[in-house]
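Chemist: I'd like to ask some things about the structure below.
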Amino acid sequence: MVGQRAGRPVVVGFDGSQPALRAVRWAAREARRLHVPLVIVRAFAALVPQLTGRLVVSGSVMRDALRELAGEQLASAASAAADEVAGLAIEQHIAADDPIPHLVERSRSAQLVVIGDRGHGGVHGLLAGSVAVGVAAHAGCPVVVVRGTDRTEGVVVVGVDGSPVSEAALEFAFEAAALRQAPLRAVHVWSDTFLEPELTPGEMWEAVEQAHQMVLAERLAGWAEKYPDVPVQKAVERDRPARVLVEESARAQLLVVGSHGRGNVAGRLLGSVSHAVVHRADCPVAVVRHEAVREPG
């Protein structure tokens, strides 16, 4: 969002669905905040010849028909973005390609990629779709999945796990809060699956709690100095991180999480916490991958 990606466009994927249209409007407002163009992308997979009734429709004819439909959908999306933000520079792109790899490729030259939580056939408010998860898991820049309640007021919530991975999420979250003139709520969640409170002296739990509070304070210190005008709220909880962050999302206008998952499956690439909040949060979710880490300075 800042640093080397400053000035690059906001890219939003559009498939003609209502969730995608919500994402276009959200992306238009974000492009205005960042003072950059909005790029609306309509990607569709190439089709093999299909049998329609008694006629065989060639792949080229089908692609031409889809391209024409995509152009109409893009024009409608661009009109909605222009209505949302007057005077915004808007580009439209059509690609006969699978949406996930195409948006991932575009992410390498974007400041931010925005995607709706569900495409055609999805149920609003339920689990995020495969495109949203796939793009968030593989993109080369931060990705916002527009889901839940689209609030224009409220805190920006960021999950802080105490690792270097959360530095990228903190950078993004502080900048997002500054752009919105909103408070930042930094949430650090810890748990101990081996000890239970009834088996452990209260003093030990207090010491552990204080140690985690120090971890959070240390992670915030440099960024708070860089963004002195952003009010910061600190929250330390003993619970499951995903559950706490989903609860926090009910009062937020944006939830920011880092991503340090590993493996070849999209959900594992996202990490368990980011994967869970992308599916269940009640506000737009920004997933910031580890590659974006940059120390404050």
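The values are calculated or read from the model by the stated rules, or taken from the named source; none is laboratory data. This structure is a prediction, so every number in the text was calculated from the model and none was measured. Please note: Cβ atoms are built from the backbone with ideal geometry, for glycine as well, and neighbour counts cover all protein chains shown. The accessibility values were calculated without ligands, DNA or RNA, using every heavy atom of the protein model including side chains. Shrake-Rupley method; radii C 1.70, N 1.55, O 1.52, S 1.80 Å.
Chemist: Name the single residue, out of those in region 236-261 being touching a helix residue (DSSP H, G or I) at 6+ places or on another chain (Cβ under 8 Å), among the small types (Gly, Ala, Ser) and outside any helix (DSSP H, G or I), that is surrounded by the fewest Cβ atoms within 10 Å (Cβ to Cβ).
Modeler: Gly261
Chemist: Also: From the list Glu209, Glu225, Glu218, exactly one residue is surrounded by fewer than 15 Cβ atoms within 10 Å (Cβ to Cβ), in a helix (DSSP H, G or I) and in contact with a strand residue (DSSP E or B) (Cβ under 8 Å, 6 or more places away or on another chain). Which is it? Walk me through it before giving the result.
Modeler: Numbers: Glu225 fails: in contact with a strand residue (DSSP E or B) (Cβ under 8 Å, 6 or more places away or on another chain); Glu218 fails: in contact with a strand residue (DSSP E or B) (Cβ under 8 Å, 6 or more places away or on another chain).
Of the residues listed, the single one that is surrounded by fewer than 15 Cβ atoms within 10 Å (Cβ to Cβ), in a helix (DSSP H, G or I) and in contact with a strand residue (DSSP E or B) (Cβ under 8 Å, 6 or more places away or on another chain) is Glu209.
Chemist: Starting from region 24-35, take each residue that is among the charged types (D, E, K, R) and list its partners that are assigned to a helix (DSSP H, G or I), counting only C-beta distances under 8 angstrom and pairs at least six apart or across chains.
Modeler: Arg25/Ala80; Arg25/Ala81; Arg25/Glu84; Arg29/Glu84; Arg33/Leu179; Arg33/Arg180
Chemist: Starting from residues that are over 18 Å from Leu112 (Cβ atoms) and in a helix (DSSP H, G or I), keep the ones in region 126-166 and report whichever is most open to solvent (accessible area, probe 1.4 Å).
Modeler: Only one residue tops the list, namely Ser130.
Chemist: Tally the residues that are of a type in the set (Asp, Glu) and under 16 Å from the mean Cα position of the chain (by Cα), restricting the search to region 147-166.
Modeler: If we filter region 147-166 for residues that are of a type in the set (Asp, Glu), which is where we start, we get 150, 153, 161.
From what's left, under 16 Å from the mean Cα position of the chain (by Cα): 150.
Of the residues in region 147-166, 1 are of a type in the set (Asp, Glu) and under 16 Å from the mean Cα position of the chain (by Cα).
Chemist: Write out, first by first residue and then by second, each pair whose Cβ atoms fall under 6 Å of each other, whose residues are 6+ apart or on separate chains, and whose first residue, in region 110-134, is at pLDDT below 90 while the second is in a loop (DSSP other than H, G, I, E, B) and among the basic types (Lys, Arg).
Modeler: Here the result reads Asp117/Arg147; Gly129/Arg118, each pair linking region 110-134 to a residue that is in a loop (DSSP other than H, G, I, E, B) and among the basic types (Lys, Arg).
Chemist: Looking only at region 35-68, which residues are within 27 Å of Ser79 (Cα to Cα), out of contact with any helix residue (DSSP H, G or I) (no Cβ under 7 Å at 6 or more places or on another chain) and either at pLDDT below 95 or hydrophobic (A, V, I, L, M, F, W, C) (or both)? Please lay out each step first, then the result.
Modeler: Of region 35-68, the ones within 27 Å of Ser79 (Cα to Cα) are 35-46, 62-68.
Filter once more, so that each one left must be out of contact with any helix residue (DSSP H, G or I) (no Cβ under 7 Å at 6 or more places or on another chain): 35-36, 39, 45, 62-68.
Across region 35-68, the qualifying residues are Val36, Val39, Ala45, Met62, Arg63, Asp64, Ala65, Leu66, Arg67, Glu68.
Chemist: Open to solvent by 40 Å² or more (accessible area, probe 1.4 Å), touching a helix residue (DSSP H, G or I) at 6+ places or on another chain (Cβ under 6 Å) and modelled with pLDDT of 95 or more, is that true of Val232? First the steps, then the outcome.
Modeler: Details: open to solvent by 40 Å² or more (accessible area, probe 1.4 Å): yes; touching a helix residue (DSSP H, G or I) at 6+ places or on another chain (Cβ under 6 Å): yes; modelled with pLDDT of 95 or more: yes.
Here the answer is yes, as Val232 does meet what is asked.
Chemist: Right, here's the next one. Among the residues of region 86-97, is there at least one that is closer than 21 Å to Arg25 by Cα, of a type in the set (D, E, K, R) and either modelled with pLDDT under 90 or open to solvent by 30 Å² or more (accessible area, probe 1.4 Å) (or both)?
Modeler: The answer is yes, given that some residue of region 86-97 is closer than 21 Å to Arg25 by Cα, of a type in the set (D, E, K, R) and either modelled with pLDDT under 90 or open to solvent by 30 Å² or more (accessible area, probe 1.4 Å) (or both).
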